[in-house]
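Each remark here refers to the structure printed beneath this line.
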Amino acid sequence: MKPEVLKPVFDVQEIRAQFPILKELVHGKPLVYFDNAATSQKPRRVIKAESAYYATINSNVHRGVHTLSTKATEAQEAARETIRRHINARHAHEVIFTSGTTGSLNLAAFSLGQLLLKQGDEVLISGMEHHANIVPWQMVCERHGAQLKVIPITDSGEWDLAQVPFSDKTRVLAVSHVSNTLGTINPVKELIAEAKKRGIITVLDGAQAIAHLDVDVQDLGCDLYAFSGHKAYGPTGTGVLYGREELLERMPPWQGGGEMIDTVTFEKTTYAKLPFKFEAGTPHIAGIIGLGEAIRWMEDYDKPAMAKHEHELLEHASNQLLDIDGLRIIGSAKEKVGVISFVIEGVHHYDLGTLLDQQGIAVRTGHHCTQPLMERFGVTGTTRASFACFNTMEEVDAMVAATKKAVKMLR
Ligand SMILES: Cc1ncc(COP(=O)(O)O)c(C=O)c1O
């Protein structure tokens, strides 16, 4: 059971006060941070939890009988239990710590590849995937003689559900819960249900969902779910791969080394129980403890209230930006998180990003690690603003004003 929300009333100033970085000046201007889809900022509680580990209990986990090691192990395993509860996994050992979504998806692809892909099989992804959910599958397809198939994307930036290329050779469906470039919230439950009927293993890339949606892995029905800590107010270098117990038991380990073994001889190695089978070597202990704290911090608030606030920012930004002559928003799905990607005729996104930075405004420019999606929309890159719960309407106004000014200079 998740704890009761402590702060049901959404107060953006109360939230802002907890993020030390928001007091920074950039080029002499107050920082406006709209690059949360790349990495979110961290509340003081997370920073403190991470540094408290180093200051008071730094030692390796699951290795020592000494007091510090026991405390570090308990703190790490408490984070695992927090994450289990947050995503409603059945067991804590279904939560595997990784270096991030990329680490999680590589583990998933290489292990599933070994478990079930053979010549002529198919892996199905979508046309809006981040490179982290394309390249590992391409690599394993090449290794096992399988083929990568792609769900096409509509003009509004949604999956074209009438054209999902399921076939009797599809073994894995690996798709994003939310698009990092378009903000589209995908109808994953529907697609997973269809995949399940066909006996297909389902993998969700939840990198952009975890900070904005209530994620319930049992309700979604997915087999594997990947996310990064740093996009959910937690430390960089941390991530999670959730996996359904029965599937994880069957999946071979991906990396070998210390901690993932039961017994080792030169002839044969047997592997440790879940989740350790998939956690070779020393983990990012401080980061994992910080991630647990980030999740507990989010749980103090009402996620739907946070999401509503971010959606209001999105609506406001969309309406204001569309006033600019020649501006086109890429991605107009009905269901979106607070991500807005746009192009402006005659203005290069890189130049715009540079001029916005001079006003203290941090946005992302480029292809956002979704080159095939850029090709689909016939652009080389976009400017992307991605909102978090600590952003304000005034900041959106500042971005719109700075964009108008930049456009005048650049045209
Ligand atoms: C949808 C999506 N998937 C995967 C990733 C990769 O995440 P990480 O770099 O934290 O491993 C990102 C990062 O932007 C993302 O947005």
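The values are calculated or read from the model by the stated rules, or taken from the named source; none is laboratory data. Values in this document were obtained by computation on a predicted structure and should not be read as measured data. For neighbour counting, all protein chains shown are included, and Cβ atoms are generated from backbone atoms with ideal geometry for every residue, glycine included. Calculation scope for accessible area: heavy atoms of the full protein, side chains included, ligands and nucleic acids excluded. Shrake-Rupley method; radii C 1.70, N 1.55, O 1.52, S 1.80 Å.
Some notes on this structure:
- Interchain or long-range residues, amide H under 5 Å from Thr170's placed H: Glu122
- Applied to the stretch 257-265, the Karplus parametrisation 6.51 cos²θ - 1.76 cosθ + 1.60 on θ = phi - 60° returns per-residue 3J(HN,Hα) values of x, x, 6, 9, 10, 9, 10, 10, 10 Hz, with x for Gly and Pro.
- Taking Cα atoms only, the orientation of helix 393-410 departs from the longest principal axis of the chain by about 60 degrees.
- Rounded to the nearest 20 debye, the dipole magnitude of the chain is 520 debye, with +1 charges on Lys and Arg beta carbons, -1 on Asp and Glu beta carbons, and the Cα centre as origin.
- Helix axis angle, 67-87 relative to the chain longest principal axis, alpha carbon, degrees: 60 degrees
- Accessible solvent surface per residue of the chain, calculated while the other protein chains remain in place, 1.4 angstrom probe, Å²: 43 Å²
- Residues whose amide H comes within less than 5 Å of that of Lys336, counting only those at least five positions distant or on another chain, are Ile185 (H built at 1.01 Å from N in the peptide plane).
- Beta bridges per DSSP, both residues in the stretch 167-321: antiparallel share near 55 percent.
- Whole-Å distance, taken between Cα centres, linking the stretch 341-408 and the stretch 1-51: 21 Å
- Size of electric dipole in the stretch 115-167: Cβ of Lys, Arg +1 and of Asp, Glu -1, about Cα centre, debye, nearest 20: 280 debye
- The chain: most fluctuating residue of Leu161, Leu105, Leu291 per GNM, C-alpha cutoff 10 Å: Leu161
- Prolate/oblate/rounded call for the stretch 162-311, Cα gyration tensor, a/c under 1.5 rounded: oblate
- Prolate/oblate/rounded call for the chain, Cα gyration tensor, a/c under 1.5 rounded: oblate
- For the stretch 105-119, Karplus couplings with θ = phi - 60° (6.51, -1.76, 1.60), whole Hz, Gly/Pro x: 6, 5, 4, 4, 5, 5, 6, 5, x, 5, 6, 9, 8, 9, 2
- For the stretch 112-267, a simple Cβ point-charge model (Lys and Arg +1, Asp and Glu -1, everything else neutral) yields a dipole of about 280 debye relative to the Cα centre.
- Net length gained if the chain between Thr236 and Thr354 were fully extended (0.36 nm per residue, minus Cα distance): 40.0 nm
- Three-way shape label, the stretch 148-235, alpha-carbon gyration tensor, a/c 1.5: oblate
- Of Lys149/Lys169; Lys149/Lys334; Lys7/Lys42, those spanning more than 22 Å from alpha-carbon to alpha-carbon: Lys149/Lys334
- Crossing angle, helix 303-321 versus the chain [Cα axis fit, 0-90 degrees, rounded to tens]: 40 degrees
- Among 21-30, 268-277, 72-81, the order from most to least packed when residues are scored by Cβ within 10 Å on average: 72-81, 268-277, 21-30
- For the stretch 47-299: relative contact order, % (alpha-carbon pairs under 8 angstrom, 6 or more apart): 25 percent
- GNM top mover of Ala401, Ala207, Ala226 - the chain, alpha-carbon springs below 10 Å: Ala401
- Shown in residue order for the stretch 283-293 are the 3J(HN,Hα) couplings computed by the Karplus curve 6.51 cos²θ - 1.76 cosθ + 1.60 at θ = phi - 60°: x, 7, 4, 4, x, 5, 5, x, 5, x, 5 Hz (x for Gly and Pro).
- Net charge in the neighbourhood of His93 (other residues with Cβ under 15 Å of its Cβ; Lys, Arg +1, Asp, Glu -1) is -1.
- Spatial separation of Cα centroids for the stretch 107-132 and the stretch 56-98, in angstrom: 29 Å
- Less than 5 angstrom separates the built amide H of Ser126 from those of Ile151, Ser176, all sequence-distant by 5 or more or on a different chain.
- In this calculation the C-beta distance from Gln163 to His131 is compared with R0 = 25 Å, giving a FRET efficiency of 0.65.
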